[in-house]
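Undergrad: Below is one structure. I have some questions about it.
The values are calculated or read from the model by the stated rules, or taken from the named source; none is laboratory data. All figures in this text were calculated on a predicted structure; none of them were measured in a lab. No Cβ is skipped: glycine too gets one built from the backbone with ideal geometry, and neighbour counts run over all protein chains shown.
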Amino acid sequence: MAVFRIRRPEIGSVALSALVTLYLLLAANRAFWSHAVVYFDGAWPGLLALGVALWLTTFSVLTALSMKYVAKPVLIFSILVSVSASYFVDTFGVIIDKDMIGNVTATTGAEAGHLLTGSLALHLVLYALVPALLIAWIKITHRRFFAKAGVNFLFIAPSLVLSGLLIYGNFATIAYALREHRDLMPRFNPAGPITSAVRYSLSTYRERNLVVQPLGTDAHVGQRLARAGKPVVVVVVAGETARAMNFSLNGYKRDTNPELEALGGTINYRNVTSCGTATAVSLPCMFSVYTHKQYSDWKARSTENLVNVLTHAGVPVTWWDNNTGSKGIADLISFARMTHSKESPLCNNGECLDEIFLDELDRKLGATTKNSVIVLHQLGSHGPSYYLRYPEAYRRFRPDCRTAELMNCTTDEIVNAYDNTILYTDHILASVARLIEKHHDHVSGAMIYMSDHGESLGENGIYMHGAPYAIAPKEQTQVPFIAWFSKVYQEEMGVDIACLAKDANLPKSHDNLFHTVLGMMDVQTGVYDRSLDAFAACTPSPDGERNGAPGYHAAGEAKAATLTNAL
């Protein structure tokens, strides 16, 4: 019986490198080219020169790595990285920079599961698996080592020279476009995501022997707190992915904050900016002594934060997390992960609705005997599965997008689902306030809420968050900032909410949280900066007067500057 065998096609390593390079540029860089056309604004010679230069440079790199036993793994890896990255860049408009790589490493299994969709699987099969199998199947003809090196050099050297000449000849146009639009090259696959991963790895390696510097070891409670007749409790709600423009408190056309609007003692700030566009950056920055301009990941990790300063003052802090962790903030305090509540009907597949906080908070407040701070880190409005962030009772705006594959929903459906998450967050915040009020007979309490970043819902073709801050749209950087004070707290801590309401339109930011919480707990320390305490103008200063921002502790600013210089 005759046996028919399909003859494996043969191709030289240089030719295969050229074909794979062409495939990557055409099949895995749609977002790069679409943005490049806009950014070069009709300067076609410059754009063409950049495109050819990128082809020549990528070809040179792949050719240099086209040794026997190495060529196929390198080419397949390049395709897998490029195609995987292109799906998220093309679908959600994100940029896979160093911070995005950090977000990926911090993502939980449940959170990642929402991104593993049928559309992604089909994309990977068609654009990655098929060409990868083809490369694995074909036979690459290789010369002997020195002969191969010589031949490769004959292709690589002229390619790099020509690439340089093309860039040089169109330098003004290309340099202007890349300087004005720094988001362009991070979109280029596979160089963008690979470079970002290397930068993240080097940063992580640098931090392996990091030593955390103490902060605010001189902290102590002031006279207002010492004289309080009841334990003072401040609940800090760290929001997730809530953008300010979808809060009816800020003038949004829909009534997304009915419960908060019905509460007395609520103060809403309407002009607030975030420190970053992703949790991995914004959350540590919020609790850091550093301002947005001073902040870096290295500084945050190497300096104690707000919860540590409170602890130095003898104020215990408890952190309850319904998200992906505290990003190192709560390493030295009491920490509980709410997603471990597997028996609760509020939890499913490793994620819980934010109501998981409420019963625990009720019990905690009922048993409180000392001044304390409780941090609730929400799951909030985290996408793309917005529909999983609220129960059926808060599915007010319909039809709502009921899938993680946002491209299968209309803009209205996406906005409806997102608005339902804000409506549910409104319920959570109002419930926290009502629980504090419920225990007013033995607790003097207040709540402060600030979201870590906002969210894009399709504006300009961008979805979700994580855009580089320099080019991030306002949807990702404008966040809600809300405070609520019980009447008991107002009386005992001297807060004038009528005064605060007058300042509600003044600009605020994440820079304020550190100092505002210290002020709310009347913690006195050299690192406290009264000018950054959002409530300072309407509460007594350490000398007992409402002297507002001009009377701040200059030592706080000086301390931050000293730490910045040291790090």
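Undergrad: For the stretch 171-180, check the following and say yes or no: at least one residue is within 21 Å of the chain's Cα centre (by Cα) and either in the same structural domain as ILE471 (by TED's automatic domain parsing) or at pLDDT 85 or above (or both).
TA: no
Undergrad: Another question about this same structure. Checking the condition in contact with a helix residue (DSSP H, G or I) (Cβ under 9 Å, 6 or more places away or on another chain), more than 19 Å from GLY51 (Cβ to Cβ), surrounded by 17 or more Cβ atoms within 10 Å (Cβ to Cβ) and not acidic (Asp, Glu), which residue from ALA157, ALA219, ALA177 passes? Full working, then the answer.
TA: Numbers: ALA157 fails: surrounded by 17 or more Cβ atoms within 10 Å (Cβ to Cβ); ALA177 fails: more than 19 Å from GLY51 (Cβ to Cβ).
Every option except ALA219 fails the conditions.
Undergrad: Among the residues of the stretch 40-65 satisfying the criterion of being among the β-branched types (Val, Ile, Thr) and touching a residue at least 24 places away in the same chain (Cβ under 8 Å), which is farthest from VAL81 (Cα to Cα)? Steps first, please.
TA: Of the residues in the stretch 40-65, the ones among the β-branched types (Val, Ile, Thr) are 52, 57-58, 61, 63.
Now drop any that are not touching a residue at least 24 places away in the same chain (Cβ under 8 Å), which leaves 52, 57-58, 63.
On the way: VAL52: 21, THR57: 18, THR58: 14, THR63: 18 Å.
Looking at the filtered set, the residue picked out is VAL52.
Undergrad: Another question, then. Test of understanding: among VAL14, VAL83, VAL37, which residue is free of Cβ contacts under 8 Å to residues at least 12 places away in the same chain and in a helix (DSSP H, G or I)? First the steps, then the outcome.
TA: Values: VAL14 fails: free of Cβ contacts under 8 Å to residues at least 12 places away in the same chain; VAL83 fails: free of Cβ contacts under 8 Å to residues at least 12 places away in the same chain.
Going through VAL14, VAL83, VAL37 in turn, the sole match is VAL37.
Undergrad: I've got another one for you. One residue is enough: does the stretch 415-431 have a residue meeting the conditions of a type in the set (Asp, Glu) and in contact with a Ser or Thr (Cβ under 9 Å, 6 or more places away or on another chain)?
TA: Looking through the stretch 415-431, at least one residue is of a type in the set (Asp, Glu) and in contact with a Ser or Thr (Cβ under 9 Å, 6 or more places away or on another chain).
Undergrad: A further question on this structure: Mind checking whether some residue in the stretch 20-36 is loosely packed, with under 15 Cβ neighbours inside 10 Å and within 22 Å of VAL161 (Cβ to Cβ)?
TA: There is at least one residue in the stretch 20-36 that is loosely packed, with under 15 Cβ neighbours inside 10 Å and within 22 Å of VAL161 (Cβ to Cβ).
Undergrad: Scanning for something part of a helix (DSSP H, G or I), modelled with pLDDT of 90 or more and either hydroxyl-bearing (Ser, Thr, Tyr) or on the phi < 0 side of the Ramachandran plot (or both), does the stretch 211-224 turn up at least one residue?
TA: Filtering the stretch 211-224 for residues part of a helix (DSSP H, G or I) gives 223-224.
Now drop any that are not modelled with pLDDT of 90 or more, which leaves 223-224.
Retained after the next criterion (residues that are either hydroxyl-bearing (Ser, Thr, Tyr) or on the phi < 0 side of the Ramachandran plot (or both)): 223-224.
Looking for residues that are part of a helix (DSSP H, G or I), modelled with pLDDT of 90 or more and either hydroxyl-bearing (Ser, Thr, Tyr) or on the phi < 0 side of the Ramachandran plot (or both), one finds at least one in the stretch 211-224, hence yes.
Undergrad: Sticking with this structure for a sec: Out of (1) hydroxyl-bearing (Ser, Thr, Tyr); (2) touching a Phe, Trp or Tyr at 6+ places or on another chain (Cβ under 8 Å); (3) not assigned by TED's automatic domain parsing to the domain that holds ASP452, what's the single condition that is false for SER196?
TA: (2)
Undergrad: Among the residues of the stretch 449-461, which ones are surrounded by fewer than 20 Cβ atoms within 10 Å (Cβ to Cβ) and in contact with a Gly (Cβ under 8 Å, 6 or more places away or on another chain)?
TA: ASN460, GLY461
Undergrad: From the list THR410, THR403, pick out the single residue that is on the phi < 0 side of the Ramachandran plot and free of Cβ contacts under 8 Å to residues at least 12 places away in the same chain.
TA: THR410
Undergrad: What are the residues in the stretch 66-75 that are surrounded by fewer than 19 Cβ atoms within 10 Å (Cβ to Cβ) and either outside any helix (DSSP H, G or I) or touching a helix residue (DSSP H, G or I) at 6+ places or on another chain (Cβ under 7 Å) (or both), if any?
TA: MET67, LYS68, TYR69, VAL70, LYS72, VAL74
Undergrad: Something else: Is it the case that some residue within the stretch 238-245 is loosely packed, with under 15 Cβ neighbours inside 10 Å and acidic (Asp, Glu)?
TA: no
Undergrad: List, please: which pairs have Cβ atoms under 7 Å, are six or more places apart or on different chains, and start with a residue in the stretch 485-502 that is without any contact (Cβ under 8 Å) to a residue 60 or more places away in the chain and end with one that is assigned to a helix (DSSP H, G or I) and surrounded by 17 or more Cβ atoms within 10 Å (Cβ to Cβ)?
TA: Close Cβ pairs satisfying both conditions: VAL495/TYR489; VAL495/CYS538; ASP496/CYS538; CYS499/ALA537; CYS499/CYS538.
Undergrad: Taking the condition farther than 20 Å from MET447 by Cα and at pLDDT 95 or above, does THR291 pass?
TA: yes
Undergrad: If you scan the stretch 485-537, which residues turn out to be of a type in the set (Ser, Thr, Tyr) and either in a helix (DSSP H, G or I) or at pLDDT below 95 (or both)?
TA: Within the stretch 485-537, TYR489, THR516, SER531 qualify.
Undergrad: Going by what's in this entry, would THR63 be described as under 30 Å from THR141 (Cα atoms) and either in a helix (DSSP H, G or I) or aromatic (Phe, Trp, Tyr) (or both)? Step through it out loud before you land on a result.
TA: Working: under 30 Å from THR141 (Cα atoms): yes; either in a helix (DSSP H, G or I) or aromatic (Phe, Trp, Tyr) (or both): yes.
Yes, satisfied.
Undergrad: Going through the stretch 311-364 one residue at a time, which ones are basic (Lys, Arg) and either surrounded by fewer than 17 Cβ atoms within 10 Å (Cβ to Cβ) or within 23 Å of ALA112 (Cα to Cα) (or both)?
TA: LYS327, ARG337, LYS342, ARG363
Undergrad: Taking the stretch 93-139 as the region of interest, how many residues are of a type in the set (Phe, Trp, Tyr) and surrounded by fewer than 19 Cβ atoms within 10 Å (Cβ to Cβ)?
TA: 1
Undergrad: Which count do you get for residues in the stretch 435-450 that are in contact with a Leu (Cβ under 8 Å, 6 or more places away or on another chain) and not in a loop (DSSP other than H, G, I, E, B)?
TA: 8
Undergrad: I need the full set of residues from the stretch 252-292 which are farther than 22 Å from ASP503 by Cβ and in a loop (DSSP other than H, G, I, E, B), in order please.
TA: Once the filter is applied, which keeps residues that are farther than 22 Å from ASP503 by Cβ and in a loop (DSSP other than H, G, I, E, B), the stretch 252-292 yields LYS253, ARG254, ASP255, THR256, GLY276, THR277, ALA278, PHE287, SER288, VAL289, TYR290.
Undergrad: If you don't mind, another one. So, of the residues in the stretch 293-314 that are in contact with a strand residue (DSSP E or B) (Cβ under 8 Å, 6 or more places away or on another chain) and assigned to a loop (DSSP other than H, G, I, E, B), which turns out to be farthest from ARG434 (Cα to Cα)?
TA: SER302
Undergrad: Another question, then. For residues that are part of a helix (DSSP H, G or I) and of a type in the set (S, T, N, Q), scanning just the stretch 401-429, find the one that is nearest to ILE356 (Cα to Cα).
TA: Of everything passing the filter in the stretch 401-429, THR425 is nearest to ILE356 (Cα to Cα).
Undergrad: A further question follows. Of ALA417, ALA446, ALA393, ALA433, which residue is under 24 Å from the mean Cα position of the chain (by Cα) and either on the phi < 0 side of the Ramachandran plot or buried (at least 16 other Cβ atoms within 10 Å of the Cβ) (or both)?
TA: Being under 24 Å from the mean Cα position of the chain (by Cα) and either on the phi < 0 side of the Ramachandran plot or buried (at least 16 other Cβ atoms within 10 Å of the Cβ) (or both) holds for just one of ALA417, ALA446, ALA393, ALA433, which is ALA417.
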